[in-house]
Amino acid sequence: MKTMKFGKSDLEVPVIGLGCMRLTELERWDIPKYIWHCISLGVNFFDHADIYGGGECERLFGESLKEIGIPRDQIILQSKCGIVPRIMYDLSYENIIRCVDGTLKRLDTDYLDILLLHRPDALMEPEEVAKAFDELEQKGKVRYFGVSNHKPSQMELLKTCVKQELHTDQLQFSIPFSNIISTGMEANMHTDGAIDRGGDVLNYCRLNNITIQAWSPFQSGKGAFVDNNDGYPDLNWALGEISAKYNVTKSTIAAAWILRHPARMQTIVGTMNYYRMLEIARAADIELTRDEWYRLYLSSGHILP
Ligand SMILES: NC(=O)c1ccc[n+]([C@@H]2O[C@H](COP(=O)([O-])OP(=O)(O)OC[C@H]3O[C@@H](n4cnc5c(N)ncnc54)[C@H](OP(=O)(O)O)[C@@H]3O)[C@@H](O)[C@H]2O)c1
């Protein structure tokens with residue numbers, strides 16, 4: 001599995017990570033096997049959040065890791081904090097500390113490699129986040145920090161107090177869900193794609209060496225787009241032709257499309273299917289041509305103005 005530098009750090013991460021949001025879809029006995037399957041493919045990066053499965057995803061993962069018996073330093077564990085489902089976002093000092101302590105307990109580990117702020121909280125005080133990050137770092141509970149679903153200005157606001165680097169911004173991104181790209185390519189136009197929903201986050205991350213982690217890489221925003229001919233017939237036609245050329249599946253090519261972007265994104269996939277994970281992992285070895293990359297972009301409904 002190809003690896004990449006994580007943000008400005010020296011940490012090497014695989015270009016494909018497993019998102020554990022859907023872990024409870026597996027039978028209990030299958031979870032350690034699936035984790036081992038991923039690790040054997042080089043996918044030793046696992047993305048969690050305290051809220052996934054109401055905490056069950058982290059708990060089951062922690063139990064399963066013990067069963068596998070893999071040394072802790074052979075895997076990279078990331079989790080997120082700050083969402084209180086259906087009630088509020090809470091990036092207060094107390095809640096960040098409480099969330100991380102809960103996560104460490106459920107994962108049955110002494111430290112997280114990476115902690116992300118899950119979503120921007122309207123009542124966030126940068127001083128409180130800074131106090132929490134300092135404490136978590138000093139106590140050895142978190143090694144690296146980042147954010148998710150944040151705009152550049154929100155990262156800048158955090159940086160007025162937070163002294164740790166923000167190494168990543170985890171953002172929803174896929175071939176059809178790619179406003180962070182279309183907003184740049186349709187700059188200066190009256191088209192829908194020109195609307196900037198992320199504050200030019202793509203260029204901000206590139207300029208500041210922040211790794212974009214692409215979440216939901218196979219979702220369009222209205223469900224999975226691969227093999228969904230009702231919603232994306234042209235895209236599936238193009239995926240079919242290109243996947244035949246490389247002798248892989250459409251999922252491989254959809255992931256390769258993300259990895260081809262020069263921002264050097266990391267792809268966080270959510271499949272709980274052994275075969276799909278095997279095929280997706282093959283994306284790390286494929287470099288799409290410029291023609292192929294644009295063909296997929298345009299066949300998903302984007303335009304070149
Ligand atoms: N930061 C955030 O706000 C945020 C939000 C959501 C998710 N995430 C992270 O991103 C991770 C991935 O999210 P996701 O699960 O929505 O991503 P995804 O990889 O785009 O979607 C995976 C889901 O799509 C299904 N699927 C159907 N056809 C597929 C195909 N051809 N190829 C691949 N998958 C196909 C999978 O089913 P099978 O299991 O049957 O393959 C699975 O249920 C999550 O686990 C989580 O860690 C972060």
(message) Modelling each spin label as a point 7 Å along the Cα-to-Cβ direction, I'd like the Glu63/Lys8 distance in nm, to one decimal.
(response) 4.1 nm
(request) Once you have all Cα-Cα distances for segment 59-119, histogram them in 10 Å bins from zero and send the whole-percent values. (result) 21, 49, 23, 6
(message) Rounded to the nearest 5, what % of DSSP beta bridges with both residues in segment 3-299 are antiparallel?
(response) 20 percent
(request) Rounded to whole Å and ordered largest first, report the semi-axes of the equivalent ellipsoid of segment 157-210 derived from its Cα gyration tensor (root of 5λ). (result) 25, 12, 9
(request) Give the Kirkwood hydrodynamic radius (Å, one decimal) of segment 3-299, defined as one over the mean of 1/r across all pairs of different Cα atoms. (result) 19.7 Å
(request) Send over the semi-axes of segment 159-271's equivalent ellipsoid, whole angstrom and largest first, taken as the square roots of 5 times the C-alpha gyration tensor eigenvalues. (result) 27, 18, 12
(request) For Ile87 and Gln138, calculate 0.36 nm times their separation in residues minus their Cα-Cα distance, and state this gained length in nm to one decimal. (result) 15.3 nm
(message) From the helices alone, meaning DSSP H stretches of at least four residues, give me the mean residue ellipticity at 222 nm for the chain, per-run term -39500 (n - 2.57), in deg cm²/dmol to the nearest 500.
(response) -11500 deg cm²/dmol
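Just add up the charged neighbours of Leu60: K/R +1, D/E -1, any other residue whose Cβ is under 12 Å from the Cβ of Leu60.
Numbers: positive: Arg22, Arg28, Arg59, Lys66, Arg106; negative: Glu25, Glu27, Asp30, Glu56, Glu58, Glu63, Glu67, Asp108.
Its environment carries a net charge of -3.
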(message) From Cα pairs below 8 angstrom and at least 6 apart in sequence, can you work out the relative contact order of the chain, rounded to a whole percent?
(response) 18 percent
(message) Starting from a Cα-only point model with no solvent, please compute log10 I(q)/I(0) by Debye for segment 224-264 at q = 0.25 1/Å.
(response) -0.82
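Cβ under 12 Å from Ala187's Cβ, Ala187 left aside: what net charge do those residues give with Lys, Arg +1 and Asp, Glu -1? List each step's numbers first, then the result.
On the way: positive: none; negative: Glu186, Asp196, Asp200.
Surrounding charge for Ala187 is -3.
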(request) With all distinct Cα pairs included, what does the Kirkwood hydrodynamic radius of segment 26-79 come out to in Å, to one decimal, could you say? (result) 11.3 Å
(request) For the chain, give the magnitude of the charge dipole about the Cα centre (Cβ charges: +1 Lys/Arg, -1 Asp/Glu; no others), in debye to the nearest 20. (result) 360 debye
(message) Where in the chain is the longest stretch that carries no GluC sites (Glu not before Pro) classed as loop by DSSP and with at most 14 other Cβ atoms within 10 Å?
(response) 28-286
(request) First obtain the Kirkwood hydrodynamic radius of segment 219-305 from its Cα pairs, then insert it into the Stokes-Einstein equation at 37 °C and 0.692 mPa s, and state the resulting D in µm² per second as a whole number. (result) 248 µm²/s
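Only the coordinates and a few stated rules stand behind these numbers; no lab work does. This structure is a prediction, so every number in the text was calculated from the model and none was measured. Note that we place each Cβ from the backbone using ideal geometry, even for glycine, and neighbour counts take in every protein chain shown.
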